[in-house]
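Notes for the one structure printed next.
The values are calculated or read from the model by the stated rules, or taken from the named source; none is laboratory data. These figures come from a predicted structure and were not determined experimentally. Cβ coordinates were reconstructed from backbone atoms using ideal geometry, including for glycine residues, and neighbour counts include every protein chain displayed. Calculation scope for accessible area: heavy atoms of the full protein, side chains included, ligands and nucleic acids excluded. Shrake-Rupley method; radii C 1.70, N 1.55, O 1.52, S 1.80 Å.
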Amino acid sequence: MTSGGLVCLHCAEPVPVAGRHPVLLDSVPRDTCCAGCQAVAQAIIDAGLARFYEQHRVPGRPLGLPAGALGEGPAPPGFELYDAPEFQDRYVHPADGTGRPAGADPDEAPAGQVCVDLTIEGMHCGACVWLLEQGLRKMPGVQSARINFTTERARVRWDPRQVTLSALLGRIGELGYAAMPFDASRRELAVRRQGRRLLQRLFIAGLASMQAMMFALPGYLSGPGDIETAYRDLLQWAGLVLAIPVLGYSAWPFFAGAWRDLRARSPGMDVPVAIGMSLAFLASLRAVWTGEGEVYFDSIAMFAFLLLGARYLEWLARRRAAATLDGITATLPEAARRLVPDPADPSSLVPELIPAARLRAGDLIEVHLGEPVPADARLLDEHADIDQSLLTGESEPVAIRRGSEVAGGALLASAPARFEVLRAAAQSTLSVIGQLAERGARERPAIGRLADRVASVFVTLILLLATAVWFVWRAIDPGMSWPAAIAVLVVSCPCALSLATPTALAAAHADCLRRRLLLGSGEALETLSQVTDVVLDKTGTLTEGRPTVSSVGLAAGAHEPEVTALAVAMARGSAHPLAGAIAALPSAMPIELGCRAHQAGAGLEAIRELADGRRQRLRLGSAGWCGLTAAATAAVRPTTALAAIESEVWLSMQWLDAPGREEPADDAPAPEFEPLARFGLTDPLREGVAGMLDRLRARGLQLHLVSGDREAVVEAVAGRLALARWRAGTSPDGKQQYVKALQAQRRVVLMVGDGINDLPALASADVSVAFGQPTALAKAGADVVLLNPQAAALDELIGTAARVRRVIYQNLGWAIAYNAAAIPLAAMGYVPPWLAAIGMALSSLLVVGNSARLLSLRRAAEPAPARATNRVSLSLPS
């Protein structure tokens with residue numbers, strides 16, 4: 001329902017509720033449709049650019065895009081407004097090594113470069129992606145352009161000193177597409193418009209094809225001379241009338257795409273379609289006018305209908321993939337309750353309702369029952385229950401304690417709670433998820449890039465072949481020259497070849513996202529299907545990654561409350577699960593430490609200054625890192641019973657020789673580290689991990705356990721899981737060398753870790769997977785992140801990769817076999833144009849339908865992730 005036909009001042013879309021999102025223009029309140037348009041409109045007015053709304057009043061068109069710019073022609077000038085600082089702050093982000101958004105392009109970028117996410121309309125196949133990427137990369141200052149055909153989004157990185165955002169948008173318009181900075185609400189409206197237009201074209205082509213076939217049927221069933229000339233002419237003229245709207249409206253995208261491809265000197269699959277339909281229409285028009293020859297109006301209408309049907313099914317597959325991602329990333333509320341000092345009593349805090357986009361790190365917020373947490377945040381209250389089903393698929397609320405990190409979008413399932421914001425929206429977990437998924441979908445595997453190159457060359461060869469067929473038949477039988485040439489053009493359209501890979505990948509990405517398997521690399525699925533060895537970390541991978549302290553051992557003379565306080569103070573701030581378990585210990589002695597440092601896979605270090613001026617170097621981690629000998633560790637007495645498979649974390653201390661100096665004199669021996677305490681931690685095995693490993697063995701994969709934990713623990717875990725190949729006490733570099741040693745034997749290695757201390761091994765493996773907590777995604781340098789905490793997700797992922805590979809090869813095999821059989825028959829005159837149209841369209845439909853199976857193979861067997869029913873949407877008041 002809209003409010004009395006009101007339209008948004010900014011985007012001209014209907015306003016749901018009048019007065020909810022007003023802005024003042026010339027002292028007059030004007031309505032906008034949402035908080036996003038309200039913020040942008042206010043920025044434009046505050047910047048003194050209010051005249052923009054006097055010059056751009058085109059109903060139903062997004063900002064800066066006049067009529068005709070949305071996929072129906074080149075975008076005209078008018079993008080200069082996007083170069084204003086207000087829009088740069090909203091849409092453009094730093095792309096250098098220190099400021100680029102998490103999950104952005106992995107390529108190193110020199111300082112000063114920026115990137116933007118764009119929505120692009122008008123793409124039809126992989127050739128469109130290639131054309132746009134090449135056209136943008138040739139612009140001075142553009143460093144990279146990567147386009148996701150599935151979600152119709154692009155990420156462009158460039159040097160703002162050489163090229164502007166408006167120039168990029170203009171270049172895309174020159175190539176025949178429409179682009180604008182990505183905005184979720186506008187993108188949804190544009191997608192709906194695109195779907196409606198495509199469905200309308202399909203309906204008209206279908207209606208015309210049925211009627212045209214009825215008019216053509218008497219000619220197919222009768223013999224020469226059976227139909228009087230007057231009636232034959234009437235039927236042919238009726239077919240002409242039906243063909244005109246098909247060519248002028250339904251088939252217009254094919255002609256526009258062909259013209260765009262020819263202008264760019266990069267023939268795609270639209271070229272033979274447009275030429276074939278044009279020649280068939282001209283030949284039919286000549287036959288109607290002269291009364292001699294065959295007419296193909298029914299073939300033209302049917303060809304357009306079936307081809308549009310295949311394109312619509314392909315669009316639905318891509319739309320489903322994009323909708324699945326949007327369902328995850330579009331859950332943040334528009335507004336947030338930020339806690340600010342009460343003007344009447346500055347010592348107390350009161351909630352202030354602000355746009356969630358204005359939240360920054362360090363802000364204090366309040367969240368009520370059933371509301372989503374508006375940004376990545378840390379719990380300030382003692383405890384709370386959160387529902388992360390949208391992120392992880394876990395249906396049961398999770399209990400968290402003070403200091404726990406919560407991903408934005410998680411629902412609060414308990415009483416109102418206070419949080420501290422950890423990062424702004426652009427760097428939030430949901431943003432990272434979206435960026436990783438976008439990167440994975442826009443990076444095509446090698447087989448897809450090869451298919452695109454082959455399709456481009458194939459089109460050129462077909463055009464030459466059709467010309468040769470025309471000349472040959474002209475010499476043999478002039479009456480067959482046009483039908484044979486048209487049949488070759490129509491029957492050989494490389495739609496199936498071009499759609500074989502992207503449709504399968506789109507369906508696979510949608511299926512993986514639905515099951516919370518986040519693909520961050522386009523090569524991941526292809527490589528996973530070829531894996532021979534799986535190298536597994538222990539903590540956070542085979543185990544739950546939620547260890548608890550099960551025993552404590554104290555050195556002689558150590559005071560437990562002080563030792564515990566020291567360990568808790570050191571562990572705070574570390575992302576490692578073992579450190580998190582120690583940080584959760586109760587401690588009543590607040591201790592401040594300085595000069596913190598850490599060594600990956602070893603432990604933490606800090607300097608403590610005592611009241612008398614002396615200083616201590618403290619270390620928390622493995623016995624080796626803590627500088628402890630076997631004799632020193634054996635002297636530590638336990639306060640509780642030791643467990644056989646406990647992981648060990650040691651706390652040790654070294655006296656510095658004098659106040660103010662961190663290192664002893666060169667001529668003095670360094671004092672030894674003294675043990676203070678041993679913390680034993682247990683981490684339960686991940687539920688279902690034994691069954692998952694059995695299924696991996698059944699696939700013929702060799703399994704390896706490589707852990708940094710002590711030998712007794714690793715041996716016990718390996719024994720329980722029947723893992724014959726294991727190695728203990730391995731550093732992150734040691735894990736990397738283990739992976740490289742397997743690769744030297746020509747093995748294809750999958751590394752599975754927790755994304756924290758496994759980065760070198762994850763980076764070196766042929767493909768890598770991380771079981772990731774949502775708030776740690778930015779640190780998980782893996783090709784795939786399993787948000788689904790169930791162990792079975794890994795086997796499902798490998799199974800999906802195998803199915804995708806099988807479907808892609810089936811699609812390519814069918815496309816090649818079809819063209820190899822159909823083209824010679826068409827060239828020899830055995831395939832009339834109407835049969836060529838049916839064959840080509842059915843070939844495309846078969847490819848799209850085969851790919852769509854990936855979406856439904858497990859849908860019936862696996863219910864969708866449960867969602868909370870008590871969901872409250874928080875909006876800004878009017």
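Brief remarks follow.
- Entry comment: accessible area of the stretch 512-593 is 34 Å² per residue, from protein heavy atoms only and a probe of 1.4 Å.
- A Förster radius of 22 Å combined with the Cβ-Cβ distance from residue 630 to residue 610 puts the calculated FRET efficiency at roughly 0.15.
- Counting protein heavy atoms only, the stretch 703-763 has 45 percent of its accessible area on carbon and sulfur, 1.4 angstrom probe.
- Accessible area of residue 368 in the full protein assembly, 1.4 Å probe (Å², nearest 10): 60
- Gain upon complete extension [residue 475, residue 682; 0.36 nm per residue less C-alpha separation]: 66.0 nm
- Debye intensity ratio in log₁₀ form over the Cα atoms of the stretch 351-418, taken at each q of 0.21, 0.23 Å⁻¹: -0.84, -1.00
- Per residue, the accessible area of the stretch 667-748 comes to 52 Å² when a 1.4 Å probe rolls over the protein heavy atoms.
- Karplus-based coupling profile of the stretch 799-816, in residue order and whole Hz: x, 4, 4, 5, 5, 4, 4, 5, 5, 4, 5, 5, 4, 5, x, 5, 4, 5, with θ = phi - 60° in 6.51 cos²θ - 1.76 cosθ + 1.60 and x standing for Gly or Pro.
- Peptides 536-548, 814-826 ordered by packing proxy, namely the average of other Cβ atoms within 10 Å per residue, highest first: 536-548, 814-826.
- The residues of the stretch 243-304 have, on average, 41 Å² of accessible surface per residue, using a 1.4 Å probe with all protein chains present.
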